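Okay, so here's the structure we're looking at.
The values are calculated or read from the model by the stated rules, or taken from the named source; none is laboratory data. Given the structure is predicted, the values throughout are model-derived calculations rather than measurements. Because the Cβ atoms are built from the backbone with ideal geometry, glycine has one as well, and the counts that use them run over all protein chains shown.
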């Protein structure tokens, strides 16, 4: 039975918009070639009519008859050209419509692909957010705050000074520093005074002895 009636698989696939656009472009190219050929024929007919009307040694009756015949052929060629131009315009409009439809279809495909991708991303986001417990995150945040606070308390405890009064008057500290500075000055002055003081076992102060001129002269010669 399949050999007689065939199967659905043997059917030709339906043409797409791109196939139709390509076929229309081929037809338009063929019509454009025909129009150029007719333009060439019209140019020759125009030249022949010009020669028959204005050529030297022409016979009026024969010239009129020949000119009418050429004119009739030119009219038929011109009508044929107008028909091809009309078909060309229709095909151009069809191509434009099909290209617009193809562009719209492509935009719709891109839009649907974008929507599908967004739906997949939405499902994935919901799945990931479903694994997150906000309460656990808040509790973890509070636990971290408590741990940091305990750490600060430990550092303060380790840095505490021992055997130091809790309240110390700054004025008392300044007065004590001034007293220490005064004591250092007095000690320095008394030390220098002791150096210049004559010992107790000496009755009279020492007399400075000046050198004699002769002795000085000898020194100068040396």
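Contact map, the range 24-52: residues that are more than 23 Å from residue 98 (Cα to Cα) paired with residues that are outside any helix (DSSP H, G or I), Cβ distance under 8 Å, separation 6+ or inter-chain. Pairs shown: 52/58. Please verify whether residue 117 is more than 30 Å from residue 23 (Cα to Cα), assigned to a helix (DSSP H, G or I) and at pLDDT 80 or above, treating the condition exactly as stated. For residue 117, the condition - more than 30 Å from residue 23 (Cα to Cα), assigned to a helix (DSSP H, G or I) and at pLDDT 80 or above - is met. Checked against (1) surrounded by 12 or more Cβ atoms within 10 Å (Cβ to Cβ); (2) modelled with pLDDT under 90, residue 81 passes all but a single condition, namely (2). Given the criteria exposed (fewer than 15 other Cβ atoms within 10 Å of the Cβ), at pLDDT below 90 and in a helix (DSSP H, G or I), does residue 50 qualify? Taking the combined requirement at face value, the residue satisfies it.
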